[in-house]
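Here's the structure we're looking at; comments come further down.
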Amino acid sequence: MKVTLKDIAKDSGFSESTVSRVLNGSPKISARTRDIVMESARRLGYLSPGQQNSDSSGKFLNVALIASDFKEGEFYVSFFDGLNQASKRNNIRLSLIGLVDPEEELHKLLKEISLHYYDAAILYIPEYTRSEYEELSNNIPSGLPIISNALIENPVFPTVTFDGYSGGYLAARHLEDQSYSDLGLIQGPFERAEARYRSNGFKDYIHQHNHLDLRWVHEGDFTFESGARAYEEYKKLNQKPRAIFAGNDDMANGFMESAKQEGIQFPDNVAIIGYDDLPVCRHNQPTISSIKTDYEALGMTTMKLLRELVENPAQNNNMLSFVSVSLRHRQSS
């Protein structure tokens, strides 16, 4: 049976006019009243007019891309542009919503978007742990399809992300193919699953080939500055690696810029390969080898799964889908 404003009013104890103002996003409603009405609507299974009339196979869907951890740099532009291009090809209107404090904002935001305008949500919150995703899952509105683009082991929501392990594996194999055997690694922060996957792929390839030696590991934080700090540590080493895999392009670029200021030549003195294949890899001198991540391919896989979940919410599960990566060989290696 269709849930009406009258049903929500009776359940919540507020008038139909107050319920209507809440569901239409009126700014003149107190936070307490809004939370009570929204919770009542969620519990009763209320569908907004947009949700009732949506045609998941052909008409436009309105989808919120909710992201955190925004920093200056090319990664975030490339990530959103790839998903936005894919959304256009799939009749999806994609809106970007940035979070400053996910713990404070996310629960309330998901309750609100489920009743206003949006048919589904995509999450990119790489700092979240499994326990935080579990808490989120227990508090979101029922029936709201959600996909995550941020990797965690044993995910809570359906997750589409890049195959970082294979990326690290490819990087090590490439350096071996270039006849380098003394290797180094600038890895991302250990608490981030994507950093661990990339590092583990690189390390596993080395451990499987006895003639390769992992001489040096530096833990960075995915920023240009941490790449520069890695160079300061590298230049003090007595036994330096001949070739290095940096866990993302920002760290590779930071390492290279600091090294070039002191006359280091790439790849004559040291070779390096990054990860993400951002535009800086093509524009830098020398150009930077990198593991290519195709953000439009990530978007296409995400949008396809999203439409399947809208058509059949019952199939919502914690599947993990990897999008393949590839190698781009340039001057730095």
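The values are calculated or read from the model by the stated rules, or taken from the named source; none is laboratory data. If you're wondering where the values come from, they're calculated on a predicted model, not measured in any experiment. Note: ideal-geometry Cβ built from the backbone for every residue, glycine included; neighbour counts use all protein chains shown.
Annotations
- Among the residues making up segment 219-231, those that are outside any strand (DSSP E or B) and in contact with a Ser or Thr (Cβ under 9 Å, 6 or more places away or on another chain) are 220, 227, 228, 229, 230, 231.
- The residues of segment 1-42 that are in contact with a His (Cβ under 8 Å, 6 or more places away or on another chain) and among the small types (Gly, Ala, Ser) amount to a single one, 25.
- Of residues in segment 52-66 being surrounded by fewer than 20 Cβ atoms within 10 Å (Cβ to Cβ) and not hydroxyl-bearing (Ser, Thr, Tyr), the one modelled with the highest pLDDT: 62
- Residue match in segment 15-29 (condition: modelled with pLDDT under 85 and on the phi > 0 side of the Ramachandran plot): yes
- If you check 274, 299 for being small (Gly, Ala, Ser), surrounded by 23 or more Cβ atoms within 10 Å (Cβ to Cβ) and under 21 Å from residue 93 (Cβ atoms), only one passes: 299.
- Scan segment 122-144 for residues that are touching a residue at least 60 places away in the same chain (Cβ under 8 Å) and acidic (Asp, Glu) and the total you get is 1.
- Residue list for segment 205-218, filter: in contact with a Gly (Cβ under 8 Å, 6 or more places away or on another chain) and either surrounded by 24 or more Cβ atoms within 10 Å (Cβ to Cβ) or assigned to a helix (DSSP H, G or I) (or both): 205
- So residue 221, is it more than 15 Å from residue 333 (Cα to Cα) and surrounded by 24 or more Cβ atoms within 10 Å (Cβ to Cβ): no
- Counting only helices (runs of 4 or more DSSP H) that sit wholly inside segment 236-333, those with at least 1 residues that are of a type in the set (Gly, Ala, Ser) and touching a Ser or Thr at 6+ places or on another chain (Cβ under 7 Å) are 249-261, 295-311.
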